[in-house]
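The values are calculated or read from the model by the stated rules, or taken from the named source; none is laboratory data. Note that this is a predicted model, so its numbers are computed, not measured. We place every Cβ from the backbone using ideal geometry, glycine too, and count neighbours over all the protein chains shown.
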Amino acid sequence: MALTSVDKLLAAYVTFATVMLAARGEWTPSAFGLLVMHLLFGVLLWAFTRPGADTPLGRSIHALYPLFLLLPFYAGIGIINDPVGRSTVLANDAVVQGWEAALFGQQISYTWLRAQPSIFWSAVFHLAYFAYYPIVVLGPVFLVMRGRLDAARYVMLATMIAFVICYVVFILYPVAGPYYAFDQPTGPVREVWSARLVYAVLAGGSSFGAAFPSSHVGATLASVLALWRVRPAMGRAFMIPAILLTVGTVYCQMHYGIDAISGVAVGAVAFVAAGRFQESREFTARGTEARRPSGTANAEQPPPDGKVHDRLHK
């Protein structure tokens, strides 16, 4: 198998992250561990392109493997940013808070929940915030299970473009976000079950400096828009949770309003960028991977011009 656009994108990000890790020069055990992980990523790409790797199982794993790297890559941001120092990161927060005050006239991520506390909306918005995880995962997995590897790669590309944009900004301009910069909310709105779930997840795996722009919003929106294009029913079903997530990141004091707005912009850019590849050779040449035997219902046969009959948006 040849390298895909997702492979090349992630390889570029790993190279960038490795350079930044070395430039900041704090070689802790965690930093060495991250460097080893980056080297192993190169081994992974070799495994996908070695002779004999082009099997149905190999193609499925190749389409979905970025999902397994999201958490390690996210954790790596905290390691790379650790030498920057908490005070420097919070100084960046002060800049973003200035933008926030100019746009909203207040620190909306702090004041909104306190001015309008609601157990119901706290439960809904925290649950929507957590829905980011299944939304990003379920679409590509479903498409692979249906044999639509071309569509799964397209959705994955849109999602990974959004993540990479956010992760690069996190490293170059780390912002802690209101979760760290302000006092945490208290009372029933914090104790509702979905809020406890979110805070438990963040306590176990949050990276300091990964707030602006919101990767939750950007990756979710990119994934949902791309999924809507290839599987409209699923895309429509995920759009409401995606909207609630975008609003909830601010109401629940996880992100500044500026973070959410910039996340929307990142998601839209990622979707448009991935669309540039829709009719590229990468997605048309491999369309036969999902082809059913001739003569069966819904058989996917290439028309005479060589285009894939089962187009991405179908």
>> Looking only at region 17-36, count every residue that is closer than 24 Å to His62 by Cα and buried (at least 16 other Cβ atoms within 10 Å of the Cβ) and tell me the total.
In response: 4
> Among Val136, Val198, Val169, which is the only one that is closer than 30 Å to Val14 by Cα and in contact with a His (Cβ under 9 Å, 6 or more places away or on another chain)?
Replying inline: Val198
> Across region 177-197, which residue is nearest to Ala268 (Cα to Cα) among those that are in contact with a Phe, Trp or Tyr (Cβ under 8 Å, 6 or more places away or on another chain) and crowded, with 21+ Cβ neighbours inside 10 Å?
Replying inline: Gly177
>> From the list Phe208, Phe163, Phe142, exactly one residue is out of contact with any Lys or Arg (no Cβ under 9 Å at 6 or more places or on another chain) and either crowded, with 18+ Cβ neighbours inside 10 Å or of a type outside the set (Gly, Ala, Ser) (or both). Which is it?
In response: Phe163
> Exactly one of (1) closer than 28 Å to Gly139 by Cα; (2) among the aliphatic types (A, V, I, L, M); (3) touching a helix residue (DSSP H, G or I) at 6+ places or on another chain (Cβ under 7 Å) is unmet by Leu57. Its number?
Replying inline: (3)
> From the list Arg231, Arg146, Arg196, which residue is under 30 Å from Ala91 (Cα atoms) and among the charged types (D, E, K, R)?
Replying inline: Arg196
> When you scan region 115-164, how many residues do you find that are under 11 Å from the mean Cα position of the chain (by Cα) and free of Cβ contacts under 8 Å to residues at least 60 places away in the same chain?
Replying inline: 1
> Looking at Ile61, is it touching a strand residue (DSSP E or B) at 6+ places or on another chain (Cβ under 6 Å), part of a helix (DSSP H, G or I), at pLDDT 90 or above and not acidic (Asp, Glu)?
Replying inline: no
> Among the residues of region 42-53, is any surrounded by fewer than 15 Cβ atoms within 10 Å (Cβ to Cβ), assigned to a helix (DSSP H, G or I) and touching a residue at least 60 places away in the same chain (Cβ under 8 Å)?
Replying inline: no
>> Condition (residue is closer than 25 Å to Gly218 by Cβ, of a type in the set (A, V, I, L, M, F, W, C), out of contact with any Lys or Arg (no Cβ under 8 Å at 6 or more places or on another chain) and outside any helix (DSSP H, G or I)) applied to region 1-14: is it met by at least one residue?
In response: yes
